[in-house]
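**Student:** After the structure tokens below, expect a handful of questions from me.
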Amino acid sequence: MKLDTVALVETPEGTDLHADLVGLLPRALAYIVDFSIRAGIIFALWIFAIFLGGTGWGLFLIVFFLLEWWYPVYFEVFRGGQTWGKRIYKIKVVSDDLTPIRLGPSLIRNLLRSADIFPSFYGVGILCILTTRRFQRLGDLAAGTVVIYSENEVHDTSALNAVSAVTPHHPIGEDQQMAFINFALNRGNMSQERQEEIAEIIRPRLPLNADRASDYVRGVGKWLLGAK
């Protein structure tokens, strides 16, 4: 099975980009931070409105509306896809082609929070995140957006153009999949000699027709990233 926590996109120029997708827990923690910030501001305004009467309550309702519906839209569109909560947990919202999110999709994904929240405590949204391949809630599916890790957000895989994708000859676990991908992208910035040395460690487990261990490992990594 191909690793589902990686989003792979081929640009019109033929360059492959990939980013690491975010699961339920970091998204939930970021939401809790954002909810706490909004709740704190609303509570302060509620106290303020008590003393101002009608004018205060009018201001309270306006700010409540803006915080509830425009807070996430503003930060997603004008602050790099990151609310304060997402910035803390180093995640961001982008379009599913890994380009920055635009106003229209941001409005769609946030308006549909009203559907994701049913039946309670974001039950529908949580179910969608847990069952969709790219961890998307209803709003993401409708808007064509995904949530990715911003600290390691997009990687150029054009260096693998000369490598042929290789289907592994036996099942490999998720930890092994990440090891193959990291090796293929040379995330450790290793020299060619060091790559060859590390790849040779698993030589006894390679198929007999594999000439160079490093080419086989990179080929499997490319296959895991979605190449045919």
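The values are calculated or read from the model by the stated rules, or taken from the named source; none is laboratory data. None of the values given here were measured: they were computed from a predicted structure. Cβ placement follows ideal geometry from the backbone for every residue including glycine, while neighbour counts extend to all protein chains displayed.
**Student:** Are any residues in the stretch 43-62 within 35 Å of the chain's Cα centre (by Cα) and surrounded by fewer than 14 Cβ atoms within 10 Å (Cβ to Cβ), and if so, which ones?
**Tutor:** The answer is F43, A44, L61, I62.
**Student:** While we're looking at this one, here's another question. List every residue pair whose Cβ atoms lie under 6 Å apart, where the two residues are 6 or more positions apart in sequence or sit on different chains, the first residue falls within the stretch 168-179 and is under 14 Å from W223 (Cβ atoms), and the second residue, located anywhere, is part of a loop (DSSP other than H, G, I, E, B) and modelled with pLDDT under 75.
**Tutor:** Between residues of the stretch 168-179 that are under 14 Å from W223 (Cβ atoms) and residues that are part of a loop (DSSP other than H, G, I, E, B) and modelled with pLDDT under 75, the close pairs are H169/P207; Q177/L3.
**Student:** Could you say which residue among V93, V124 is in contact (Cβ under 8 Å) with a residue 40 or more places away in the chain and either closer than 16 Å to A30 by Cβ or not aromatic (F, W, Y) (or both)?
**Tutor:** From the options V93, V124, the qualifying one is V93.
**Student:** When the residues of the stretch 9-22 are narrowed to those that are under 18 Å from the mean Cα position of the chain (by Cα) and either surrounded by fewer than 13 Cβ atoms within 10 Å (Cβ to Cβ) or among the charged types (D, E, K, R) (or both), which ends up modelled with the highest pLDDT?
**Tutor:** D20
**Student:** Another question, if that's okay. R102 versus (1) touching a residue at least 24 places away in the same chain (Cβ under 8 Å); (2) within 16 Å of V33 (Cβ to Cβ); (3) charged (D, E, K, R): which is the lone unmet condition?
**Tutor:** Against the list (1) touching a residue at least 24 places away in the same chain (Cβ under 8 Å); (2) within 16 Å of V33 (Cβ to Cβ); (3) charged (D, E, K, R), R102 comes up short only on (2).
**Student:** Could you run through the stretch 32-73 and say how many residues are in contact with a Ser or Thr (Cβ under 9 Å, 6 or more places away or on another chain) and under 18 Å from G139 (Cβ atoms)?
**Tutor:** Summing the residues that are in contact with a Ser or Thr (Cβ under 9 Å, 6 or more places away or on another chain) and under 18 Å from G139 (Cβ atoms) in the stretch 32-73 gives 4.
**Student:** Mind checking which residues of the stretch 63-85 are touching an Asp or Glu at 6+ places or on another chain (Cβ under 8 Å) and either buried (at least 20 other Cβ atoms within 10 Å of the Cβ) or outside the structural domain of I42 (by TED's automatic domain parsing) (or both)?
**Tutor:** Within the stretch 63-85, P72, T83, G85 qualify.
**Student:** To continue, here is another question. Go through (1) in a loop (DSSP other than H, G, I, E, B); (2) at pLDDT 75 or above; (3) surrounded by 11 or more Cβ atoms within 10 Å (Cβ to Cβ) one by one and return the number of the condition G139 breaks.
**Tutor:** Exception for G139: condition (1).
**Student:** Which of the numbered conditions does A30 fail, given that it passes all the others? Conditions: (1) part of a helix (DSSP H, G or I); (2) surrounded by fewer than 16 Cβ atoms within 10 Å (Cβ to Cβ).
**Tutor:** Here A30 meets the rest and fails (2).
Residues checked against (1) in the same structural domain as V93 (by TED's automatic domain parsing); (2) over 23 Å from A19 (Cα atoms); (3) at pLDDT 75 or above:
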| position | (1), (2), (3) |
| --- | --- |
| V163 | no, no, yes |
| H169 | no, yes, no |
| Q176 | no, no, yes |
| I181 | no, no, yes |
| R194 | no, yes, yes |
| E200 | no, yes, yes |
| P207 | no, yes, no |
| V217 | no, no, yes |
